[in-house]
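Just below is one structure, and these are the notes that go with it.
The values are calculated or read from the model by the stated rules, or taken from the named source; none is laboratory data. What you are looking at is a predicted structure, and each value in this text was computed from that prediction instead of being measured. Heads up, the Cβs are rebuilt from the backbone with ideal geometry, glycines too, and the neighbour counts pull from every protein chain shown.
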Amino acid sequence: MGDLRDLYQEVILDHSRKPRNFRPLERADRRVEGFNPLCGDRVTLFVRLENGEVRDISFQGSGCAISTASASMMTEKLKGKTTQEAMRLFDEFHGLVTGKPGGVGNGEELGKLAVFSGVCEFPIRVKCATLAWHALKAALTGGAQSVSTE
């Protein structure tokens, strides 16, 4: 199990050091600000939707390694997904990191995002891992322009 944890840590550190899709999105349809007052993480999520599909998605902000890596990996996973698929992934990811699986799938859809499975052992880090995801949910549902983990 130690080797697997080392691999997971390396994936998270890689995405934290070199986040993918870390840029403003000029033609974004949706923009949501997210803030985790407990940790100080801040994220701005940009989403461009077309015909019910996530055509492009990016983020900017600052935060801990878990928050940044989660946002980076989320944006990679969601490009080309329908809004329904994206919401299903939100449910799956949230279940994974809270230790309460029970989304509509079996978790296999998450792929590399499974590296966050250990977050449930550290409840204070759940908010770090889910910040960008809550911003996503607000963006997809047309909800708030800003979200907080508190």
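Return the residue satisfying two criteria in turn: it lies in region 121-131 and is of a type in the set (A, V, I, L, M, F, W, C) and touching an Asp or Glu at 6+ places or on another chain (Cβ under 9 Å), and of such residues it is farthest from D56 (Cα to Cα).
Filtering region 121-131 for residues that are of a type in the set (A, V, I, L, M, F, W, C) and touching an Asp or Glu at 6+ places or on another chain (Cβ under 9 Å), the one farthest from D56 (Cα to Cα) comes out as C128.
Could you tell me whether region 20-30 includes any residue that is in contact with a Pro (Cβ under 9 Å, 6 or more places away or on another chain), buried (at least 18 other Cβ atoms within 10 Å of the Cβ) and in contact (Cβ under 8 Å) with a residue 60 or more places away in the chain?
No, because not a single residue in region 20-30 is in contact with a Pro (Cβ under 9 Å, 6 or more places away or on another chain), buried (at least 18 other Cβ atoms within 10 Å of the Cβ) and in contact (Cβ under 8 Å) with a residue 60 or more places away in the chain.
If I filter region 57-77 for residues that are at pLDDT 95 or above and farther than 23 Å from T149 by Cβ, do I get at least one hit?
no
Residue pairs, Cβ under 9 Å, 6 or more apart or interchain, first in region 81-100 and free of Cβ contacts under 8 Å to residues at least 40 places away in the same chain, second assigned to a helix (DSSP H, G or I) and among the polar types (S, T, N, Q). List them.
Note: pairs meeting the criteria are H94/T130; L96/S117; V97/S70; V97/S117; V97/T130; T98/T130; G99/S117.
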